[in-house]
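Accompanying notes for the structure given below.
The values are calculated or read from the model by the stated rules, or taken from the named source; none is laboratory data. All values derive from a computational prediction rather than experimental measurement. Using ideal geometry, Cβ is built from the backbone for each residue, glycine included, and neighbour counts are taken over all protein chains shown. Protein only, heavy atoms only, side chains kept; ligands, DNA and RNA dropped before computing areas. Shrake-Rupley method; radii C 1.70, N 1.55, O 1.52, S 1.80 Å.
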Amino acid sequence: QVQLVESGGGLVQAGGSLRLSCAASGRTFNSYTMGWFRQAPGKEREFVAAIRWNSGNSYYADSVKGRFIISRDNFKNTVYLQMNSLNLEDTAVYYCAASLSQTYYNIAGWYAYWGQGTQVTVSS
């Protein structure tokens, strides 16, 4: 049974940093693309970043490019999202997800497995 467990969310001031973690278990993820999505109140879930587990190739939404970094630790089976220079618009619930698609990394519908989400709140 695949399980994705996020952690690391919290309250941070604008300009600050947070690192989210996603512990993955239940199978070998070498063939998967791991993604981070977020959903703010009243808004649709949106793509943030993705990484291909085997190659390490990473992809970012324009809104976070240059501020966020996605990475993975093969030994710990964990994916990270380092978030820097946070602003009020980054406030959302952040979800970790896993997909077998190597192409549609930015489309939520292609992700079969999801974590429960972790809240990130940026204050002014």
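Residues in the stretch 54-65 include none that are modelled with pLDDT of 95 or more, buried (at least 20 other Cβ atoms within 10 Å of the Cβ) and of a type outside the set (Val, Ile, Thr). Only a single criterion out of (1) assigned to a strand (DSSP E or B); (2) under 20 Å from residue 108 (Cα atoms); (3) hydrophobic (A, V, I, L, M, F, W, C) is not satisfied by residue 29, namely (1).
Does residue 91 satisfy the criteria of being among the polar types (S, T, N, Q), open to solvent by less than 40 Å² (accessible area, probe 1.4 Å) and closer than 22 Å to residue 10 by Cα?
Working: among the polar types (S, T, N, Q): yes; open to solvent by less than 40 Å² (accessible area, probe 1.4 Å): yes; closer than 22 Å to residue 10 by Cα: yes.
Yes.
If you go through the stretch 67-124 and keep only what is in contact (Cβ under 8 Å) with a residue 24 or more places away in the chain, assigned to a strand (DSSP E or B) and among the hydroxyl-bearing types (Ser, Thr, Tyr), you end up with 78, 80, 94, 95, 99, 113, 118, 121, 123.
If I filter the stretch 108-117 for residues that are over 15 Å from the mean Cα position of the chain (by Cα), surrounded by fewer than 18 Cβ atoms within 10 Å (Cβ to Cβ) and among the polar types (S, T, N, Q), do I get at least one hit? The answer is no; no qualifying residue exists.
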